[in-house]
Amino acid sequence: MPDISLTTFVVLCLAALAAGWIDAVVGGGGLLLLPALLLGLPASTPAAYALGTNKAVAIVGTTGAAVTYARKAPVDVRLAVRIGLAALAGSSAGAFFAAGMSTEVLKPVIMVVLLAVAAFVILRPAFGTAPATGPATRRQILAAIGLAGLGIGFYDGLIGPGTGTFLVLALTAVLHLDLVTASATAKIVNCCTNAGALATFAWQGTVLWQLAAVMAVFNLAGGTLGARTALKKGSGFVRGVLLTVVFALVAKLAYEQWIA
């Protein structure tokens, strides 16, 4: 356990709880959890430990949310796992290229894409509210594996923030899912990508396991509660949270690009 104050420890646990809830509803919990770890850990702690601990915490909450969704939402688990395996391969490739690519060039592009997505969701109130009309076609499945799996997985390995949100949007658009079912499917995909990332961090020895174990309990509670909230409130509620997270992600990227 790192040398942190009791107050900081409590704040980290509460951040894990809130991040689990946000991530379960629409993705993007890392926007809260990772900065909290970077600020809460001693200044001398290498950033890799925050990244590794973040994955160890997040995978527990994501798994809890995925199980909750799978029990109560019409999720095609087999398809979600296939997309997840593609995302695992994509994230590995993204991580490989990350070292030699400047993310500062990509961040403005991502901000424009996010703002376009927000405008689309606002101007299309019916987006993600209608249930799927039937089983996905082969073409839709291949498109989902390519875009949500390999494409967004690559982005996750290269940059990362907002991966869960991008997954929800892509799955809704490509497979014509409602937002609740898309969130459920995204959680299963996230489990696959988080497992791969955590294995790498664990092998490198950059996970603070004691801190992660306690925070994971709170993240699990938040993830389970978030999944139940989304199932109860429906797609309209998820749409509101989605827009909030999209604008928060744009603000975070803008801060990193031009202010920090």
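Give me the number: length gained by fully extending ALA47 to ARG228, i.e. 0.36 nm times residue separation minus the C-alpha to C-alpha distance, one decimal in nm.
Working: separation 181, 0.36 × 181 = 65.16 nm, distance 3.30 nm.
Full extension from ALA47 to ARG228 adds 61.9 nm.
Amide H to amide H distances under 5 Å link VAL207 with no residue, where only residues 5 or more positions off or on other chains count and H is placed in the peptide plane. Placing dummy labels 7 Å off each Cα toward the beta-carbon, the span from LEU39 to ASP3 is 2.3 nm. For the stretch 6-259, the relative contact order comes to 41 percent (Cα pairs under 8 Å, sequence separation of at least 6).
Overall, the stretch 6-259 carries a charge dipole of about 660 debye about its Cα centre when +1 sits on the Cβ of Lys and Arg and -1 on the Cβ of Asp and Glu, all other atoms neutral. Averaging the Cα positions of each part gives two centres, and for the stretch 218-260 and the stretch 31-79 these lie 13 Å apart. Under 17 Å of direct C-alpha separation, and excluding same-chain neighbours fewer than eight residues apart, LYS55 reaches these lysines: LYS187.
Here are a few candidate values for volume of the Cα convex hull per residue in Å³: (1) 119; (2) 153; (3) 108. Which one was actually calculated from the structure I just gave you? Given (1) 119; (2) 153; (3) 108, the calculated one carries the label (1). In the chain, the longest principal axis of the Cα atoms and the axis of helix 30-40 are about 0 degrees apart. Rounded to the nearest 0.05, what FRET efficiency is calculated for LEU14 and GLN140 with R0 set to 35 Å and r the Cβ-Cβ distance? Result of the calculation: an efficiency of 0.30. If you model the stretch 186-260 as an ellipsoid using its alpha carbon gyration tensor, with each semi-axis the square root of five times an eigenvalue, the axes come out at 26, 22, 12 Å, biggest first. The apolar share of the surface of the chain, taken as the fraction of accessible area on carbon and sulfur atoms (1.4 Å probe, ligands and nucleic acids excluded), comes to 70 percent. Can you work out the accessible area per residue across the chain, with the rest of the protein chains kept in place, probe 1.4 Å, in square angstrom? On a per-residue basis, the chain sits at 46 Å². The string of couplings for the stretch 83-92 from the Karplus curve (6.51, -1.76, 1.60, θ = phi - 60°) is 5, x, 5, 5, 5, 4, 5, x, 5, 5 Hz, one whole number per residue in order, with x for Gly and Pro. Listed by chain and number, the aspartates and glutamates whose C-alpha is less than 18 Å from the C-alpha of LYS232, apart from same-chain residues fewer than 8 away, are ASP23, ASP178. In order along the stretch 137-142, the Karplus-derived 3J(HN,Hα) couplings, from 6.51 cos²θ - 1.76 cosθ + 1.60 at θ = phi - 60°, round to 7, 4, 5, 5, 5, 5 Hz, and Gly and Pro are given as x.
The values are calculated or read from the model by the stated rules, or taken from the named source; none is laboratory data. Note that the structure is a prediction, hence the values are computed from the model and not measured. Every residue, glycine among them, receives a Cβ derived from its backbone with ideal geometry; neighbour counts consider all protein chains shown. Side chains are part of the model used for accessible areas, which takes the heavy atoms of the whole protein and leaves out ligands, DNA and RNA. Shrake-Rupley method; radii C 1.70, N 1.55, O 1.52, S 1.80 Å.
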